[in-house]
Amino acid sequence: MISFVGIESLISTYQKFPWIKLRDMYTEGLSKTPSNELRGQLLGRLLTAAIERHDSVVISWCQTQSKPILEGLQKVEVNELDWLMTLVKSMPDGTHYLRSSLIPRLQTARPSDFGFWSAFVTRLHDLSQSQLKSSGWKVAEHPDLIKSCFGSLANNMKIYEFKDQELQYGRCGYSMPDIADVDVVTSLFELGIRMGAVQACMPVLQRFWDGREKQREPTPHYSALVVKFESLVRDKPDVRRYLQPFFKQAADILLSAYASQSSACSVVLHLLDDGITVLTAFYTEDRVKQLGKIDLNSPTSL
C-alpha cells in the first residue's frame, strides 16, 4: 500500500480525516510492506506530523509500530538515517536504545565507514539541539554517545592508505610515486572539532605511531598529516594543545628523514610548544657525528 499510494498522500490523508477511520488501514499497510525503508519513512513522517498536531494517540501508535523495525535493524544506509533517528527520538527509552543497542550494532556492521558515521553523528548532534521534547531523549548523555562513535571509528578506520593513482591521473603509461592519503583522518578531526570530540579522535594518531615499524616508509604519511594539521591549527588554534603528542612523534620521524622532509620538519617544529627542546634532544652529539659521515643536506636551516 505504501509504495502504491505514496507517503505524501498518506500523510495528507492523515491530516484531513479522523484517525479512528484510518488506523486499521495504516496498520495493515505497514504489516504488508516488506521494506523497512518504506515503513520507516512513513512512520517518521507520520510521527513528525503527529507531534506538530500534539496527537498523542498517533504518536503512541507510531511508537508501537516502530518497535519491530528498530529491533530488527542490522545494517543501516545513510539515506535511512532521517526516518531512523526520528523514530528513535520518539521512543520512551530512545537514548538507552542508542547506547545499548543501535550504536553497538552499527559499530559492528560499519566499524570503519567514515561517510556513514559522519552522517550519523551529524544527525544525532542536530537532533540533540532541536526543540522537540521526548521523555526518553536524554540530551545530556548525547555528547558521550557522540564521543563513543568517534572513538570507535578512530580505533577501526584504515591507516597508512595511499591515493588511487589511476583515479587521480588516469592510465598515464608510466609509474607514479605513491601519495599518502590522509584525507579521511583529517576529515575525522575536522568533524570532531565541530562536535566537541577532538580527544576521542586521538587514538587514530597513536595507531599511526604504533604501526610505523610495519611500514616500508612512514614519513610520507607523517609529512602529509603535519601539513593538513598546520591548516587545521591555523583555523582552530585551541586544537594545537591536543595534537602536541602527535607533533612530537612526527618530529622524531621527520627529523630522521630531514634530507627529504625539510619543509615538513620546519612546519612541525613551529607547531610544537617546545620545538627547540625537541630539536636539541634529537640532535645529540653522537647523532650529529653520525650524520656528518653521510651525504645529507645540512639541517642548520631549521
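The values are calculated or read from the model by the stated rules, or taken from the named source; none is laboratory data. Everything quoted here is computed from the prediction, not taken from an experiment. Quick reminder, even Gly has a Cβ in these numbers, built from the backbone with ideal geometry, and neighbours come from all protein chains shown. We work out accessible area using only protein heavy atoms, side chains counted, and drop any ligands, DNA or RNA first. Shrake-Rupley method; radii C 1.70, N 1.55, O 1.52, S 1.80 Å.
Given a Förster distance of 22 Å, report the FRET efficiency between Glu71 and Lys32 from their Cβ-Cβ distance, rounded to the nearest 0.05. After rounding, the FRET efficiency stands at 0.70.
Rolling a 1.4 Å probe over the protein heavy atoms of the chain, with every protein chain left in place, gives an accessible area that is 51 percent carbon and sulfur. Bridgeable lysines around Lys236 (alpha carbons under 29 Å apart, same-chain partners fewer than 8 residues away excluded): Lys147, Lys158, Lys163, Lys228, Lys248.
Using alpha carbons only, how many angstrom separate the centre of region 11-66 from the centre of region 87-123? About 23 Å separates the Cα centre of region 11-66 from the one of region 87-123. Per residue, the accessible area of region 60-100 comes to 45 Å², computed with a 1.4 Å probe over protein heavy atoms only. Full extension of the chain between Asp113 and Asp126 yields a length gain of 2.7 nm, computed as 0.36 nm times the residue separation minus the alpha carbon distance.
Helices in the chain, meaning DSSP H runs of at least 4 residues, each add -39500 (n - 2.57). Divided by all residues, the mean residue ellipticity at 222 nm is -20000 deg cm²/dmol.
So how much slack lies between Lys138 and Arg234, counting 0.36 nm per residue of separation and subtracting their Cα-Cα distance, in nm?
Using 0.36 nm per residue and subtracting the Cα-Cα distance, I get 31.1 nm.
Note on the chain: with a GNM built from Cα contacts shorter than 10 Å, the maximum mean-square fluctuation among Pro68, Pro111, Pro18 falls on Pro18. Using C-alpha pairs below 8 Å separated by at least 6 residues, the relative contact order for the chain is 11 percent. Note on His96/Thr277: beta-carbon distance plugged into 1/(1 + (r/R0)^6) with R0 of 51 Å gives a FRET efficiency of 0.60. In summary, the aspartates and glutamates within cross-link reach of Lys89, defined as a Cα separation below 20 angstrom excluding same-chain residues under 8 places away, comprise Glu37, Glu52, Asp55, Glu71, Glu77, Glu80, Asp126, Glu141, Asp144.
Calculate, in nm to one decimal, what Asn155 and His270 gain on full extension: separation in residues at 0.36 nm each, minus their alpha carbon distance.
Difference between extended and current length: 38.6 nm.
Remark: the chain carries a charge dipole of roughly 640 debye about the Cα centre, counting +1 on each Lys and Arg Cβ and -1 on each Asp and Glu Cβ.
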